[in-house]
Amino acid sequence: MMLKNKEKILKITLLTVGVLLIVLFGIFIFKKTHTENDMDDKQPVSSEETEEVLEDVEFPHAAELDQASEITDDGEQILYLPKEEIYEFSITDANNILLNFEKKDDKWIYVDDPSMEINGDRIDKILNYLCDIRVVDIIELDDEADAKDYGLSQESPMCIIKDAGGNEILISIGNCSDENCNVYFALNYDFSTVYVNSGKLSNVLQYSVEELLSLS
């Protein structure tokens, strides 16, 4: 009888040890799996992702302008050009300097200093502003001199776009209205017609040349 009890106790002990080993093994596997997942989450970002993060930190204002360029503007489309057809353009920057760019071998060059590396992605955002221009109103003037009341003259900040065929469009950008933040503009120095944009167009004047440089 004693022998049978000992055998029974031995079986229970072995069974208990086996169960404990299974539990411990399960805990080991669980911790190992979660450790690997945590390491995967902490993997360093790629060079492209790093550049994008650096760019946002370095030029947060420009990053906001980039995002705004992708928002569909209000009003009726008055000018549209496919971006791939633009081979030259100029913009007046935030420092009131006219910056000139041209495309050579599918790469954008800063004409005033070709040695500068230009951020092609940011140029693409700028073209979002220039290649799709819309109006919410049109004002016809009896006297072109009255265009000065809207901040429009040949001395106004401007943007110029040229396509592969050499066709040129000049956009003079004037004041913003106090009431609804609309912006006035004219085309090709014709100040007898004042166009009213929702305000998106004026964003293109807020970039600085420093914000157009490549970080790579």
Give me the accessible area of R134, 1.4 Å probe, in Å² rounded to the nearest 10. 50
Summing Lys, Arg as +1 and Asp, Glu as -1, what charge do residues with Cβ under 13 Å from the Cβ of S172 carry, S172 excluded? -2
Between the residues P82, I71, L187, the Cα farthest towards the positive end of the dipole of segment 60-212, that dipole coming from +1 and -1 charges on the beta-carbon of Lys, Arg, Asp and Glu, is from P82
Kindly flag which residue pairs out of K107/K148; K104/K200; K148/K200; K103/K148 have an alpha-carbon separation exceeding 26 Å in this structure. K107/K148; K104/K200; K103/K148
Per the rule of 0.36 nm per residue minus the C-alpha distance, extending S177 to L213 adds in nm 9.8 nm
How long is the gain from D113 to S192 if the chain were fully straight, where each residue apart is worth 0.36 nm and the alpha carbon distance is subtracted? 24.8 nm
Just round it to a whole percent: the fraction of Cα-Cα distances in segment 60-212 exceeding 20 Å. 47
Any idea how far apart A164 and D143 come out in nm if each label point goes 7 Å out from Cα toward Cβ? 4.7
Give me the number: length gained by fully extending V136 to D74, i.e. 0.36 nm times residue separation minus the C-alpha to C-alpha distance, one decimal in nm. 21.6 nm
Could you work out the relative contact order of segment 60-212, using alpha carbon pairs under 8 angstrom and six or more residues apart, expressed as a whole percent? 29
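The values are calculated or read from the model by the stated rules, or taken from the named source; none is laboratory data. The structure presented is a predicted model; accordingly, all values stated were derived computationally and were not measured. Please note: Cβ atoms are built from the backbone with ideal geometry, for glycine as well, and neighbour counts cover all protein chains shown. SASA here: full protein model, heavy atoms, side chains in, ligands and nucleic acids out. Shrake-Rupley method; radii C 1.70, N 1.55, O 1.52, S 1.80 Å.
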